[in-house]
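Written out below as structure tokens is the structure these notes cover.
The values are calculated or read from the model by the stated rules, or taken from the named source; none is laboratory data. Given the structure is predicted, the values throughout are model-derived calculations rather than measurements. Here the Cβ positions follow ideal geometry from the backbone for every residue, glycine too, while neighbour counts run over all protein chains shown.
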């Protein structure tokens with residue numbers, strides 16, 4: 001298989017429904033209205049479809065994703081955390097023991113697979129190569145995995161009182177206190193703004209959905225521990241998001257990232273909807289009306305056939321040029 005065919009297969013897995021277990025990522029984004037945003041409880045998004053993932057599982061019942069081609073079937077710590085959080089939400093609603101066991105199985109897997117990187121910081125590694133601007137060589141780690149892993153572990157501690165879950169969350173949180181050059185996942189830009197990087201690449205790309213999900217992990221760690229560093233870090237992230245949302249607004253659609261490419265990487269319809277849901281939740285968490293304003297604006301974009309068509313043209317051009 002040529003390099004071009006390889007890229008097309010990977011990209012196609014994300015845009016062609018029903019062709020791959022990678023559609024795990026594309027559950028319709030939905031806020032969980034039962035979530036209490038100022039105390040640990042159900043997670044902020046529902047993840048109900050992800051909780052019932054119909055794809056591959058290992059012998060211990062842990063979900064695995066089939067990337068096909070050279071990558072094949074792999075564990076993805078982000079997917080495992082989201083699967084666990086979805087099962088946690090469902091267990092909370094129905095006191096369902098089977099769902100609770102799945103939630104705790106995800107927490108146990110995260111504890112067992114948290115490991116030190118070359119800088120001595122504890123991370124969840126991805127053990128497959130991934131093409132994003134450049135080839136991310138295995139093992140690689142992500143602020144998104146760190147944040148969502150923490151979100152699951154602190155809930156596992158709350159539910160069970162098992163100290164090992166909280167200790168693992170503490171170890172994972174340390175990565176947010178270090179820059180990428182020090183093995184961490186938090187970058188401070190030239191304006192002093194704090195970013196949590198989904199992919200550790202240079203120059204950084206500031207992927208919007210990954211930044212917000214990672215920020216929720218920091219927030220959940222604060223709720224669980226009342227950690228002052230976590231509280232300060234989350235407040236800095238809120239300031240970064242508030243002051244940079246305009247950079248993600250094309251006037252007709254939202255951007256997926258800030259990669260600095262000649263053609264901007266427009267969000268797919270899925271990620272555009274996810275941005276709207278995430279901003280509505282940020283409004284609930286912070287009370288900042290800036291987030292509600294942008295959520296309203298971006299939701300209005302998606303209702304316009306002209307703007308949807310324009311976004312699709314931009315997205316298609318980007319894929320042709322960069323993939």
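Structural remarks
- Counting the residues of the range 83-122 that are over 20 Å from residue 161 (Cβ atoms), in contact with a strand residue (DSSP E or B) (Cβ under 9 Å, 6 or more places away or on another chain) and not in a helix (DSSP H, G or I) gives 4.
- Hey, residue 275 surrounded by fewer than 20 Cβ atoms within 10 Å (Cβ to Cβ), in a helix (DSSP H, G or I), in contact with a strand residue (DSSP E or B) (Cβ under 7 Å, 6 or more places away or on another chain) and in contact (Cβ under 8 Å) with a residue 40 or more places away in the chain or not: no
- Of all residues in the range 278-301, those being in contact with a helix residue (DSSP H, G or I) (Cβ under 8 Å, 6 or more places away or on another chain), over 23 Å from residue 231 (Cα atoms) and surrounded by fewer than 17 Cβ atoms within 10 Å (Cβ to Cβ) number 1.
- Search result, residues across the range 41-70 that are part of a loop (DSSP other than H, G, I, E, B), modelled with pLDDT of 95 or more and surrounded by 19 or more Cβ atoms within 10 Å (Cβ to Cβ): 42, 43, 44, 46, 47, 53, 62
- Filter result for residue 283 (at pLDDT 95 or above, in contact with a strand residue (DSSP E or B) (Cβ under 6 Å, 6 or more places away or on another chain) and under 21 Å from residue 29 (Cα atoms)): no
- The C-beta contact set for the range 66-77 (first residue under 14 Å from residue 113 (Cα atoms), second residue part of a loop (DSSP other than H, G, I, E, B), distance under 8 angstrom, 6+ apart or interchain) comprises 74/67; 74/127; 74/128; 75/58; 75/62; 75/127; 77/125.
- Checklist (1) more than 21 Å from the chain's Cα centre (by Cα); (2) buried (at least 20 other Cβ atoms within 10 Å of the Cβ); (3) within 21 Å of residue 204 (Cβ to Cβ) applied to residue 322, failing item: (2)
- The set of residues from the range 251-268 being free of Cβ contacts under 8 Å to residues at least 60 places away in the same chain and surrounded by fewer than 16 Cβ atoms within 10 Å (Cβ to Cβ) comprises 251, 260, 262, 263.
- Yes/no for residue 274 being at pLDDT 95 or above and within 30 Å of residue 134 (Cα to Cα): yes
- Restricted to the range 113-128, and to residues there that are free of Cβ contacts under 8 Å to residues at least 60 places away in the same chain and out of contact with any helix residue (DSSP H, G or I) (no Cβ under 9 Å at 6 or more places or on another chain), the residue that is farthest from residue 170 (Cα to Cα) is 127.
- Wholly within the range 129-190, strands (runs of 3 or more DSSP E) carrying at least 2 residues that are without any contact (Cβ under 8 Å) to a residue 12 or more places away in the chain and within 16 Å of the chain's Cα centre (by Cα): none
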